[in-house]
Structure formats: structure tokens, C-alpha cells
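Worksheet for the structure shown next.
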Amino acid sequence: MAERPRLRERVRAALYTGLRAVLRPALRRWPALRRLRRLWPTTVRARATVGASAVVAVALAVASFALLGLLEANLLRNAENDARRQAENVAQLAATGKLGRVRPPARGIDFVQVVGADGRILFASPNLAGVPAFPPPAPGVPGTRFHTWRVRPIDGEYRQRVVQVVTQTPDGVAIVYAGASLRDADAADDTTTAALVIGMPLLLATVALVTWRVTGHALRPVEEIRAEVAGISDRDLHRRVPVPATHDEVARLAETMNATLDRLEASGIRQRQFIADASHELRSPITVLRTQLEVALAVRDPELWPELIGGALEDIERLQHLTADLLLLARIDAAQPVVTAPLDLTALVREVVEGRLGDRVPVRLLLEPDVEVTAGALWLGRIVTNLVDNAQRYAAGRVDVTLRTTKGARPGTAVVEVVDDGPGIPAADRERIFERFTRLDDSRSRDHGGAGLGLAIARDLSTHHGGTLTAEDGPEGGARLVLRLPVTRLT
């Protein structure tokens, strides 16, 4: 099924290339074509009107030709049937030698003439007096046959449909001609043609006017939406486009546009808040660092320099961590794709935890073996590191890291739990802790070096990997952070 759209696109591209190759030389050779191209309407309303009018004009032309053709064929067939019946009746009388009993032509028959094989007129209706005989056909076999053709008017301004019947008489072969008037057919053609000539332009004008009005009425909300969007700048993203009460495609377009503006406004608010928070977080260590350097510059005692420089290096390290976190958040917000591959989550968690040095509180591992997920090793390791760092910051004496897989309602899910025995997280704050620059205990968080970005980064990265990160009730009042990821394979 995927080959068909690609084939369609290739055919469309080839047609477009061919048309460009043909039209470019033509436009250069005939500048009039370029002027005609400028006359093509540029608005949707005008194009819809021209298109509808063109389609109706073509349909009316085809219908008119079909109507005239059917009318002509039907009237000709009726005239031919009348002439054939008259000719066959006369032919029967001629075959028995009773031409003298021929009655006057029936209604609708203009003339009757019987011509012998030698060209002599054997019988003629009164209105053919003085008219020469029709040319006899080539000698044919005895019997009856007929042929139909058109002749110019014999009398008057109307055409006749002439039927020829060849029959055998006692005196030899005779040809009977009977002509039916096409007066009714010509009159009907003239009347119908006149009606079409007058009615088609009026109908086309009506279609164009109705299409112009209806299209204008349908596109008026679109123009209002365009005007409103054109007037929205980055300083008034609170404005919204009007939603028409039509419940159609235009209304859905307006609703989608408003939803987009909602996202843009929320994004702008987050961006401004992020800039303000980042500026606040950077200002404190920069201020402390400047103070320490000024003190070091003012103090002349070399014995105090190591202490002052060490404090400055600590603030520089804090700035480095904060800058790295800000850059990572910028990458996440830019929705840069995650390079993923099958990964042994058990080995990754063990490697991250056992590779930590100088932890204040020991970490106990309870890991289910051989749990495989599809993720980016660097970013998934960052999630585990941030969760353990958060637990280490608040734990009293124990941190447990557990890895298991669900077997019940949600099979195929890896669950990583990081539990500490600290003060825990109040239920009202279990979502707020994942907001950027959020600290439940501001002074304590600063003392331990937290900037309020670790859990926000961990949740954003887990979302990028198709997982979730939540805060749940912990045992004995501690905190419990739960990471859930889809499992690729269980061994």
C-alpha cells in the first residue's frame, strides 16, 4: 500500500516537470500567454466562481448537443416511418398494376412519385407537376427494398425525408419515392436552439452569481480569522479568533487555530517563567562567586587564598551543573529526536548506582534480571541519576532502588522505584515537584546544591522515551518516585 502513494507522487512530479518544460519555451515564445496567465483569478472566491461556471458551461453544452441530437433523431425517425409506410403502400399497388387506385398522400407526406426503370414517371402527386423524375437507381434484383437520404426542398423552405422503394411491376422494375416534410423537425430545432441561446447565458450568469455569493458567505469567517491572526503579535497571544456557529470545516479550523494559540500562549508563559527562574538561579552563585573573588583580591594573607579559591570553585561547579541542566532542558524543549536502541535496563541501573562515589547514604539494589527496553543509554542513565540524587538529598539513612516488571493489568512495563526514608512528599505537592525550579524546602535544597531541575528533567526525558514518572506513597512516610517504561523483551 505504501508503494501507491510514492508512485502517485513520482507520476505527479514527472507531469509537473513535463508541463514546466513545455510551458517555459511557450511563454518565452508567445508573451501573450504570459498576459493570459496574469488574468487567471488569484482568490479562492474568484477561482471557485470561474471553475463552477466553466463546469456548468461544459455540462450545458454537452446537454444541449445531446438534446438537439435526440430531438432531431426522434423527429427524423417519425418522418421516415410515415414516408416508408406511404412508399410501401404505393409499391404494393404498383406491383399489382393498380397505380390508378393510389390515394392522395397521407398527412405529413409532401409528395409521392413512381419512376420506371427507363426514367418515365409512372405516377406523381399533384404538387410534383412539372418536376422531373428522380434519377432511377442502378438495376437491382426484383423485390422490395428501401433507402433513406436527404434532398433539398422540392417546394417551400423545408427539407424532406425521402424513402425509396424498388419493386417489381407487370411492366418491369419501378421505383417509388415518398417524401415526408421535416417542417416540424426544423421548427423544433429552431425553437430549441433559440431557447438554449437565450437560456444558457442566463443560467451561467445565475450560477456565477450564486457561486460568488455563496463562496463569499462561506469564506467570510475565514477572512475574519485571517484578519484576527494577522493582528496577533507576540505581546497579545491572549486574543482568540472568532468561531462561527456553523459547526463545519471553518468552525473546526477556528477551534484548531484557538487551540494552537492556547499552546503558543502557554509556551510563551513557560518561556518567560523559565528565563526569569534561570536568571534568578544564576544570579545567586554569580554574586557569591564575585564576592569571594573580591575578598580574595582584597586579602593579602596567602594562607586564606586556598579556602577562598576552593569556595569559588564550588560555585563554578554549581554554575556548570546548572548550565548543563539548562542546555539539556533546551534540547528537550526543542523536541530533538532521541537516538534509541535495545538496552539492558538492569545492567544500566546497576552501572549507574555502583558507579557513584561518596554517597552520603548507601543505596540498596533489588533488580529483576534481563529487563530490556528501547531507549537512549545516556538520557536513561540521566533519569536514574537524577532520581537517586533526589533520594540521596533527603534520605535519613536508606535509599532503595527496585526494578521489576508488571505481570497483571499492564504487562510489558518496566517499573523502576526509588524509595528513601526521608520526610516524604505531601500529596498536594506530588505534581508540583516536577515543575522546573520547584523546591519544597527552598533553603534546604540550596544547601544541598539542588536547583529544582532534576525531577523536571527526569520527567521530560521519561516522556520522550514513551514512559511516565510519578510520585507515590512511600513506605513509612518516605518518598517514592516511580518510573515506568515499555518493555521490549523479557528474558
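The values are calculated or read from the model by the stated rules, or taken from the named source; none is laboratory data. All values reported here derive from a predicted model rather than from experimental measurement. Heads up, the Cβs are rebuilt from the backbone with ideal geometry, glycines too, and the neighbour counts pull from every protein chain shown.
Below is a table of values for the structure above.
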quantity	calculated
Matching residues, segment 357-395, being surrounded by fewer than 16 Cβ atoms within 10 Å (Cβ to Cβ), within 26 Å of Asp325 (Cα to Cα) and over 52 Å from the mean Cα position of the chain (by Cα)	Leu357, Gly358, Asp359, Arg360, Pro362
Only one of Ala46, Ala63, Ala79 that is more than 16 Å from Phe123 (Cβ to Cβ), hydrophobic (A, V, I, L, M, F, W, C) and in contact with a Gly (Cβ under 8 Å, 6 or more places away or on another chain)	Ala79
Failed criterion for Ala87 (all others in (1) free of Cβ contacts under 8 Å to residues at least 12 places away in the same chain; (2) under 30 Å from Ile175 (Cβ atoms); (3) aliphatic (A, V, I, L, M) hold)	(1)
Whichever residue in segment 111-137 is surrounded by fewer than 16 Cβ atoms within 10 Å (Cβ to Cβ) and in a helix (DSSP H, G or I) and, among such residues, is modelled with the highest pLDDT	Pro126
Selected residue (criterion: surrounded by the fewest Cβ atoms within 10 Å (Cβ to Cβ)) from residues of segment 164-184 that are in contact with a Phe, Trp or Tyr (Cβ under 7 Å, 6 or more places away or on another chain) and at pLDDT below 85	Arg183
Residue selected from segment 359-376 under the condition out of contact with any strand residue (DSSP E or B) (no Cβ under 6 Å at 6 or more places or on another chain) and free of Cβ contacts under 8 Å to residues at least 60 places away in the same chain, by the criterion farthest from Val349 (Cα to Cα)	Arg360
Set Thr438, Thr402: member being over 44 Å from the mean Cα position of the chain (by Cα), modelled with pLDDT of 70 or more, surrounded by 14 or more Cβ atoms within 10 Å (Cβ to Cβ) and hydroxyl-bearing (Ser, Thr, Tyr)	Thr402
Answer from Arg235, Arg240, Arg161, Arg226 - the residue that is in contact with a Phe, Trp or Tyr (Cβ under 9 Å, 6 or more places away or on another chain) and among the charged types (D, E, K, R)	Arg161
Looking only at segment 200-233, and only at residues there that are exposed (fewer than 14 other Cβ atoms within 10 Å of the Cβ) and among the polar types (S, T, N, Q), the one that is nearest to Leu253 (Cα to Cα)	Ser233
Which listed residue is modelled with pLDDT of 75 or more and either surrounded by 13 or more Cβ atoms within 10 Å (Cβ to Cβ) or touching a Ser or Thr at 6+ places or on another chain (Cβ under 9 Å) (or both), from Leu322, Leu293, Leu313, Leu326	Leu293
Residue list for segment 462-491, filter: among the hydrophobic types (A, V, I, L, M, F, W, C) and modelled with pLDDT of 85 or more	Leu469, Ala471, Ala479, Leu481, Val482, Leu483, Leu485, Val487
Segment 360-382: number of residues that are touching an Asp or Glu at 6+ places or on another chain (Cβ under 9 Å) and part of a strand (DSSP E or B)	7
Residue match in segment 83-96 (condition: in a helix (DSSP H, G or I) and within 60 Å of the chain's Cα centre (by Cα))	no
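A quick yes/no check of all residues on (1) closer than 23 Å to Glu72 by Cβ; (2) over 36 Å from the mean Cα position of the chain (by Cα):
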position	(1), (2)
Ala174	no, yes
Ala180	yes, yes
Gly199	yes, yes
Ala205	no, no
Leu209	no, no
Trp212	no, no
Glu224	no, no
